[in-house]
Amino acid sequence: MRAFSPHAPNRLALAYANTYSVGMSSLGFLRTYELIHDQEDWAAERFFTDGTGMPRSVETDSPLGDFSAIAYSVSFEEDYVGLVQMLDRAGIPARREARTPWHPVVIMGGSCAAINPLPMAAFVDVFALGAAENLLTAMLDAIAEEPHRDAVIARLAETPGFFVPAHHQPESDDALPKLHKREIGADQMRKPGHLPVSPIVTPHTEFANKALIEMSRGCPEKCKYCWATFGMGKFRWHPVDFILEGMEQVRAITDQVGFVATAVGDHPEIARILHYANEQGFRSSVSSIRIPAVKEETLIPLYESGARSITLAPETGSDRLRFIMNKPIPNAVLLEKVRLIFRHGFTGLKLYFIVGLPQETEEDVEAILELAADCQRIMVEEGRKTGIVGNIHLGTNVLIPKPYTPWQREPMADERTLKRKLAHLKRGAARIPNVTLGTMSPRQAIWQTYISRAGRDAAEAIERVARGQKIAQALREFADRVHPEVFQAFPRELRWHFMRTA
Ligand code: SF4
């Protein structure tokens, strides 16, 4: 495995606004780290939120404030608070307008930049829109070649793929041409050098000692709430030969691989990849599989490699609502797949659901429990044949109507309704043997919706929470801003449509 030296003429602070364990579980973050080291004369130093006081780099214990540029990789809106806290701890003015020529350029990439950067526009100097592969060289050249902070920012404002809040005013500037997000295309993925593989494997992450390998991007399905399918471009996959080579790369350091993608099971060569992993002695796992992609040819090698649990996302309990959300898979098909899973010896099944969907009725919520009971019955029937009864976990989330999805204009259900529905599910699940249920906090979901869809004026609420205010309190204090953004349909121009996928 490759060694990364921190010694280079140019150093970039690469920050993840969450803990080491979470950040090092992000293949996007690790990939960016590797790509920076691929650039001549550049080294990256990693920063996370762990600890107190000045954030210091993993590599050389250098203080965050010593760097001339800090690049954040942000994939979850909840990390906005952590980003502001890191700047506070480093003594760097959180508001970009308060920064002087001696302060670093603060850059934010990752999927949140491409979903809606406006809520963070008061804190971030430059947003990178799209894949690091397509943006890093221009960004690092600007940092290395320009004489000062303002010149770096001005140059990136003229560079395709960057949104620079001090220079671009999409809310008022009708003449601003669309900014292009520079995602990785299918043609790039077919060329060598574009396969993300964990360049570092560590025991201190969610995926302890596991090397992650990306299988594909986008998704062939078009669920109406899903940013991954509408925001990431068409479904495309990495060639099988590159994935097999990726396994060769990590073989010396680990015997565990995790294949990641929004639609892992849809890779046309999934069976060959899993068999190869088994032949090479890897224990392999996959992130959740699309229901139609659950097939014997996938389940057998997964089971042989030691996997005992499968994750599926039916999202709703009723066919009616599932069809409305554009996932035309009836319960009958789902139950066949569940039988196939338990018949092949798996003992764990995770099922993900969403409540608060448009047109959802009380019957739809009840249908989640009925579906869970049907799955449990199948698990017991199949378990009788082997003498092992497993368990089913229901992960229940709340709809976050995200930008760039067909439901981006939808209002959220109110907190009381969401709480009532989740409590009903909790009580119902407790009555089904071997079934557990986890729920998302409705308040957290409201916060997430607000900071996904809001404009620049969300900065105050984010700042308050970063400085210790409870989310509930911030939602109350800024209720006059939060309510129109969260609980009303968006009839007006969508503020994030100043960007589009190239
Ligand atoms: S199947 Fe999953 S990844 Fe694909 S569109 Fe639906 S929710 Fe998104």
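Quick look at the numbers
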quantity: Residues satisfying the stated conditions in region 311-369, i.e. among the aromatic types (Phe, Trp, Tyr) and more than 16 Å from the ligand (Cβ to nearest atom); calculated: 342, 346
quantity: Residue in region 457-464 that is of a type outside the set (D, E, K, R), over 28 Å from residue 175 (Cα atoms) and modelled with pLDDT of 95 or more present; calculated: yes
quantity: Boolean, residue 235 is crowded, with 21+ Cβ neighbours inside 10 Å, within 16 Å of the ligand (Cβ to nearest atom) and of a type outside the set (Gly, Ala, Ser); calculated: no
quantity: Filtered residues of region 10-47 (kept if of a type in the set (Lys, Arg) and either out of contact with any Asp or Glu (no Cβ under 9 Å at 6 or more places or on another chain) or in a strand (DSSP E or B) (or both)); calculated: 11, 46
quantity: Qualifying positions in region 181-218 - within 16 Å of the ligand (Cβ to nearest atom) and under 30 Å from residue 50 (Cα atoms); calculated: 214
quantity: Where residue 221 falls short, out of the listed (1) away from the ligand (no atom under 16 Å from the Cβ); (2) assigned to a loop (DSSP other than H, G, I, E, B); (3) crowded, with 16+ Cβ neighbours inside 10 Å; (4) not small (Gly, Ala, Ser); calculated: (1)
quantity: Number of positions in region 168-199 that are out of contact with any Pro (no Cβ under 9 Å at 6 or more places or on another chain) and surrounded by 16 or more Cβ atoms within 10 Å (Cβ to Cβ); calculated: 11
quantity: Unmet requirement for residue 212, which otherwise passes all of (1) modelled with pLDDT under 90; (2) buried (at least 22 other Cβ atoms within 10 Å of the Cβ); (3) within 24 Å of residue 276 (Cα to Cα); calculated: (1)
quantity: Any hit, region 253-268, residues being buried (at least 21 other Cβ atoms within 10 Å of the Cβ), farther than 30 Å from residue 48 by Cβ and of a type in the set (A, V, I, L, M, F, W, C); calculated: no
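Residue-wise test of (1) part of a loop (DSSP other than H, G, I, E, B); (2) at pLDDT 95 or above; (3) assigned by TED's automatic domain parsing to the domain that holds residue 25.
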{"residue": "191", "(1), (2), (3)": "yes, no, no"}
{"residue": "202", "(1), (2), (3)": "yes, no, no"}
{"residue": "205", "(1), (2), (3)": "yes, no, no"}
{"residue": "208", "(1), (2), (3)": "yes, no, no"}
{"residue": "229", "(1), (2), (3)": "no, no, no"}
{"residue": "244", "(1), (2), (3)": "no, yes, no"}
{"residue": "252", "(1), (2), (3)": "yes, no, no"}
{"residue": "262", "(1), (2), (3)": "yes, no, no"}
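The values are calculated or read from the model by the stated rules, or taken from the named source; none is laboratory data. Here the structure is a predicted model, which is why all the values come from computation and not from measurement. When we count neighbours, we look across all protein chains shown, and the Cβ atoms used for this are built from the backbone with ideal geometry, even at glycine.
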